[in-house]
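Worksheet: one structure, shown below.
Computed from the coordinates by the stated procedures, all read-outs in this text should not be read as laboratory data. Here the structure is a predicted model, which is why all the values come from computation and not from measurement. Note: ideal-geometry Cβ built from the backbone for every residue, glycine included; neighbour counts use all protein chains shown.
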Amino acid sequence: MDDHLRNKTGANNALFEETISKIAAVGIKPGMEVIRDLLRQLGNPHEKLPVIHVAGTNGKGSVSAMLERCLREAGYRTGMYTSPHMMYYNERFRVNGEMIGDDALMALLRDVESAVDKTEEALGQRPKEFEILTAMAFLWLYREKIDVLILETGMGGRYDATNVSDKPLLSIITSISKDHEAYLGDTLTLIAGEKAGIIKEGVSLITACSDPEALGVLRQEFAQVQKGAPEPRMYQVNELCKWTSKSLGLAGQEVDMEIPGHTYEALFLPLPGEYQCENLACVVMALAHLADEHSPLPKGKERLSEEALRNGLASVSWPCRLELVQDKPTVVLDGSHNPDGIRKSAVWLEAEREDYGQVILVMGMVEDKDRLSATGALDGLVSRVIITKPLSARAGQWQDLAEGFKSIPRSDVEFIEDCHEAVKKAISLADENDLVLCTGSFYLVGELRKNWEGAFI
C-alpha cells in the first residue's frame, strides 16, 4: 500500500488515538449538557445540517449505509457519521462515501480541542471521547457543505451525544433487543424508552421494532411527543411492508419488496442474510417518505427515483456484516456482537450450511454480553470452535465463552488468545469447501479485517 492510500485508510490512527485519549475525559456518562455546550463553543454547526437520525440495537449501521448510498446515487452530497469503527477512526466520518484523511482528522481534533477546554471551564466537566468525536463530525460535515447527514446514534438515543438535532428530517429506529443493559436498562421497556428519545415533535418515525413490549413504548412516546397531530406519521415496517428474498449466498440476495402503494421486484442487495430485508424495508420506506410531496429533504426530491434506489442498493458496501474476505476456504467476518445479532447470523448459517463441509468458528465476545445466549444460537451449527480474545478492556474471562458450546466435543474446542493466530489456525484446519466464520465482537472482526486490508483498496 503506497503512502497516499495509507493516508486515506488510517495509518496514523495510533497517533490520533493517543491524542484524543489525552484530551478526552475517561468513561461514559450519558447526558446532553456537555455536548450542547461543546457545540455552542463551536458555533452550533449541528443546527445548520439536515439530519436523518438512526437508532436501534441492531441494523442501524446497515440502514445508514444503504440510505446514504441511495441518496448519493440520487445526486445528493451526503455526510455520514457512524460508530464504532471497524479498523480506523476515519471510518466514522464520511462525505459521499469517502473517509476523512488522516491529516484532516488530526487537524479537526486540534480545532475542537480549545472548545473542549472551554466547556470544562464552563461546566466543570470535560467532554468524553464520543462527545468530542460527535462534535468533530458536526463541525467537519458543516464545513463540507453536505446536503444531508445520515447520523447514527452510539448506544442509546435519549441521552446520546448525537441527539442534539431538535428537528431532523426523519427518525429511524431499527430493531430493539437487549444490549448495553448497564447503561440503557435491563428490560426491553427501559431500552425502548432510551431509543425512543430520538422521536421529535413534527418528525415522522420509521421503525423495524416488532417486539410488542418495545413497540408499545415507541407508540406511546410518539403519540405524546406529537400531541395528537395527524401529521407526522409513525411507520412500522413489519406491519406495512412485505418481502421475499432469494439468497445469492455470500454475494447477497435479490429481494421483492412491497410497500404501501408500490412493489419493487428483484432489488439486488449485496449484503447477505434475510435479516437485512427488515433493514431494507426501513430504507425503502424512508426514501418513499422523503420523495413525498411534503418531503423535508432539501432541493430536488424528484431525484429519488426507483433507478437511484436500485443503483444505490446494488453498490452498497458495509464491512464485517457476513463479509466474504477469502475463498478456498471461505472466510467470513461478521460483526454480530449480542445475542439477537448472533441469532440472526445463525439463521443465515443454517440456511447455507449444506454448501459447506466443516464450519470452523473463530469467536470472541466481551464479558458484559450475554455469552451463553449468543453461543447457544450457534451450537450445533459448527464443527469446531476456536475461542479468542477481543481487543478490548472488556474482554474479561474470554475463555468462558466455551461454556455455551454443549454439543461440541472438548477436543474440538481450542483457545488461542491472539486473534490473528486464531484465524490462521482455523484456516490451516479448513479444506477448500469449508467455512471459517469469525464473529462475536466488532473489536475482533475489525482487527481481523486488517489481514485482508489490501484486498479492499
Along the charge dipole of region 70-150, Cβ charges K/R +1 and D/E -1, which of Thr78, Ala135, Leu105 sits furthest on the positive end? Thr78
Roughly what would the spin-label model give for Ser315 and Glu432, points 7 Å off Cα along C-beta, in nm? 3.5 nm
Packing-based exposure ordering (other Cβ within 10 Å, fewest first) of Thr263, Thr388: Thr263, Thr388
Add -39500 (n - 2.57) for each DSSP H run of 4 or more in the chain, then divide by its residues: what number comes out at 222 nm, to the nearest 500 deg cm²/dmol? -11500 deg cm²/dmol
Amide H to amide H, which residues 5 or more places from Thr78 or on other chains are under 5 Å from it, using H placed in the peptide plane? Asn96, Asp147
Which of Ile132, Ile172, Ile427 has the fewest Cβ neighbours within 10 Å, and the rest in rising order: Ile427, Ile132, Ile172
Taking H as built 1.01 Å from N, whose amide H comes closer than 5 Å to the amide H of Ile386, not counting residues under 5 places away? Leu361, Val362, Met363, Glu414
Using the 10 angstrom Cβ neighbour count as an exposure proxy, how do Glu352, Glu254 rank, fewest first? Glu254, Glu352
About the Cα centre, charge dipole magnitude for region 20-168 (Lys/Arg +1, Asp/Glu -1 at Cβ), debye: 240 debye
Helix by helix, which DSSP H runs in the chain go 24 Å or more along their axis at the Cα atoms and have an average Kyte-Doolittle hydropathy of -1.0 or more? 102-123
Jot down the radius of gyration and Dmax of region 3-314, Cα atoms only, both in angstrom. 19.2, 57
Between Asp186 and Trp452, what FRET efficiency follows from the Cβ-Cβ distance if R0 is 35 Å, with the result rounded to 0.05? 0.40
Under the definition of Cα pairs under 8 Å and six or more residues apart, what whole-number percent is the relative contact order of the chain? 15 percent
Note the full-extension length gain between Leu372 and Asn44 as 0.36 nm times their separation in residues minus their Cα-Cα distance, in nm to one decimal. 113.6 nm
Region 145-235 - Rg over Rh from alpha carbon coordinates, Kirkwood radius: 0.96
At q = 0.13, 0.16, 0.28 Å⁻¹, what base-10 log of I(q)/I(0) does the Debye formula yield for region 183-226 when every alpha carbon is treated as an equal point scatterer in vacuo? -0.25, -0.37, -1.03
